[in-house]
Every structure is written in C-alpha cells, then in structure tokens.
Amino acid sequence: MTTAINTEKEYQNRLKHFTSLKSKYQATKYNDSSPSSLLYLILRTVDLGIELTELEFSWLREQELFKTVEIVCLQQQYKLEELRNLENEFSLLKSQYQVPKLSGAFKNISIILYPILWKFHSGNPLTDSEIEWLKNNGLGATVALVNKMELERHFFGLKAKYNAKDYLEQLLTPYGEVQAARRVAGEVREIDVYFIPKPQPSNIPETLRLLGQLVTTPCLLEPFRNAASATEICDCLLKLLEVRGDLQRQSNRNKTRILESDLPKLWILTPTASAQLLSGFGANPKVGYLPGIYFMPEYLRTVIVAIHQLPSISETLWLRIIGRGNVQKQAIDELEALTPDNPFRKAALELLYNLQQNLQVTQNQDEEDRELLMRLAPLYQQDREQAKQQGIQQGERLVVENLLKVRFGEIDNELQAIIEPLLTLPPEEFTPLLLQLSREELIDRFS
C-alpha cells in the first residue's frame, strides 16, 4: 500500500514538473502531458544543461515546436558563452593566486577551488576549512599569498596614525565638510579639525548628542591628548583669528557682508582644565549648558570643554571617549554596552585601539596607556570577529547566488527559497551540490 502511495505521489510530481517545463520552454501546444512522453525526457535533458543531439532537435521540429527549438538553442549558446567566461575568469584567478599551471587537477571549473578564489577575490576572508583545503591540495603558495593580502587589507584599511582628530573626522564626515589639518595663513599652523555642516541643520543625528550640538555651525575643533596649556590655547586663538581674517578678506573680494553668526566658533577639547587656566581666559559656565563647558567673552567665539568635568550621561559619551584616566575608562564601559549595530561604536573602538597601538609601537606610553590598551584589545577583537563572521556569511551567500544564476539564469521564488537551507552547509558541501544537481533535485532536497 505504501509503495502504491509513493508511486502515485512520484507520478504527480513528474506530471507537475512536466507541465512546468512545457510552460518554460513554450511547448504547451504539445498535447501529450504524460511523464512517459519523449518530450518530457528531452525537456529534462535541456533543463539539466545537457546539449541535445541533432535527432532530438529533429523530433522537436517534426512536432512543430519551433519556439521550443529557438529557446533551447539560445539557452545552450548562452550557457556556452557563460562557461567560457567562467573558465577565463578561473584561469585569471589561478594565475593571480599562484596556482601551478602544470597541475591538471585544477583545470576543471567544477572543483571547489574556483568558488574559494572567487570569494577571496571579492574581498571576503576565507574560512579555516577553506584554508585547510588549499593546504591539503598542495597550494601552499596560494595560502601564503592569501594570508599576506589579508594582512595588507587589514592594515591599509586603517590610517597610519589614529588620534582624537581622526576620531572626530570619522564621526562628523557624513554630516558636513571636514577639513583635517587645515593650514592657515601667517606662520604655518594647522587646524586639527575644521567642520562646516551641511545646509540642513537637522541632519546631524541625535545619537551624537553633545558633540552634535557643538557642530551645528561652522567650527574649529582642537582636541588635546594631555591637558591644554595656556600657550597652546593662545595658539588655538591665533588660528581662529587667522581663519576669521581669511573669511573677511574673501567677503571683501566678493563684496558681500559676513555676519557675526556666520563666523566659526572654536571648541577646545581638553581632558582637564584648572580653575586658574579658565579664569585666565575669562572662561565661565553658561546657564542652560552642562557642567564642564566654559565660554570665553562673546566676541572671541571660543569655548573650552573640560572633559573631566562633564557629567557621566549618554549626551557626553562621544566627548568623554577622548578624555583620560577614569573618565575615559567609564566611557569605554558605556561604549561596550552599546548594541553592535550602533554606527559609531565600531568607529570609536577602532580609532581608540589604533591610537593605543601607535603609542605601543613608538614606546611612548605610560601605565595608563598600557592599561587602556589591555582594556580595549578584547573589545576590538570581538568587534573584528563579528565583522569577519558577517563578511564570511555575505561571501558564502554571494557564491550560492552566483552559482544558481550561472546554472539556471534568473533566481525565481523557488530558487530563492533554497538559499538559506543551502547556507547551513559548509562551502565544500554546498558547492558540488550546486554544480551537479538539477534544479528539480535541488528544490526537492532543500525546500
């Protein structure tokens, strides 16, 4: 009884498949819909990517299935062209990644080597199992090259020098024009960060909180790693006045009037500031602003932010990150607690960690720097591993999608539905299946 049921179910599946193939290859006017029909065998052969014989083409013409013949011819021509393209690409990849030319084992495009090379060439890191496969197949030179390029990708993706200027530039670039290390007239001086917001005042995200409020108008940002001295603050004031003079000269040349409100402000970001220093510059707190923010007299358009005095609230996080000592440690704890998808978490971690690495390389670090480096290392590594894993998953999905497109053309709803189940398998298992199984077999197995 069970056998009969299974046989009937198989017959219905074949009947459904035959109907689908007739529609796909425009052979619906052929009356015989029995799965035992010769047409079903021919269409299955075509759908598996196997070339038809002249006898089979003649039979189709005898049945006046001329549209079917045209579709099959075009499909086979397309597949031959695609195969040639893939073979050429495979040959280039083998040459680029030092696969021995004389090795006959790597001539066939159906082996797993092609998707491995294609995946890495697309910018995605290889898994341990893929590296192991390369080693086991005598491709040591390829492995060495892959490791070297992976290292270069990592280091070229980072700036040679990371500090507070880079951190501010990274956070603010999407919301306006950032001119890092801008030179000003007179004796050669450089502004750490000169920021001009985009015309829309509301485009700076609320998540930047206090830092976002600082940059709602054109401004100079001068962050200090150590407490700013009176001399250094005077130097910052000179930069501001030189920028102001440059803007005034431009206004005169263009015969336009520059408003006081259009002139840039100067924000001096210092990890600490003594009462004597603040008093010496006439810097005072202002009603409506958080503690730690001190305004110089109005026409100087300058504010000193004493980071160690800022309250430990979310609004001040992105400034406390560039503080020192316990202030920075607490800010890093808060940074760690942010969700991994926070757009600023990754940038802050990477910039901070690379700052400390540079200090380590130059041996210009004290006990506080060493403690901070140890604190950041696991956080940065965790973030890197998560990004690496996401890259691996995206790379494997691309491999599956591209192999499906090469085999079957457009990815329809049925093929789309089997992508996720396929991705549960490692590449060395799903690649041969995608290259060897027919569309029907793949859908039956993974639906």
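The values are calculated or read from the model by the stated rules, or taken from the named source; none is laboratory data. Since we're looking at a predicted model, the values are computed, not measured. Cβ sites come from the backbone with ideal geometry, for glycine too, and all protein chains shown count toward neighbours.
Test L269 against the criterion of being crowded, with 20+ Cβ neighbours inside 10 Å and at pLDDT below 90, and give yes or no. If you could, list the steps in order and put the result at the bottom.
On the way: crowded, with 20+ Cβ neighbours inside 10 Å: yes; at pLDDT below 90: no.
In short, no.
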Flagged in segment 5-29 as without any contact (Cβ under 8 Å) to a residue 40 or more places away in the chain and crowded, with 17+ Cβ neighbours inside 10 Å, in numbering order, are F18, L21, K22
> Somewhere in segment 394-403, is a residue touching a residue at least 12 places away in the same chain (Cβ under 8 Å) and farther than 19 Å from E89 by Cα?
Replying inline: yes
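Mind listing whichever residues of segment 311-326 are crowded, with 21+ Cβ neighbours inside 10 Å and among the β-branched types (V, I, T)? Outline the logic, then answer.
Within segment 311-326, the first condition is being crowded, with 21+ Cβ neighbours inside 10 Å, and the residues that meet it are 316-323.
Matches in segment 311-326: T316, I321, I322.
Please find, among L278, L266, the residue that is over 43 Å from the mean Cα position of the chain (by Cα) and assigned by TED's automatic domain parsing to the domain that holds I196. Reasoning before the result, please.
On the way: L266 fails: over 43 Å from the mean Cα position of the chain (by Cα).
None of the other options fit; the residue is L278.
If the requirement is being at pLDDT 80 or above, in a helix (DSSP H, G or I) and more than 20 Å from A273 (Cβ to Cβ), which of these qualifies: E334, E350, E315? Before you say what the answer is, go through the steps one by one.
Numbers: E350 fails: at pLDDT 80 or above; E315 fails: more than 20 Å from A273 (Cβ to Cβ).
None of the others qualify; the one that does is E334.
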The helices (runs of 4 or more DSSP H) lying entirely within segment 71-156 that contain at least 3 residues which are modelled with pLDDT of 80 or more and among the small types (G, A, S) are 140-156
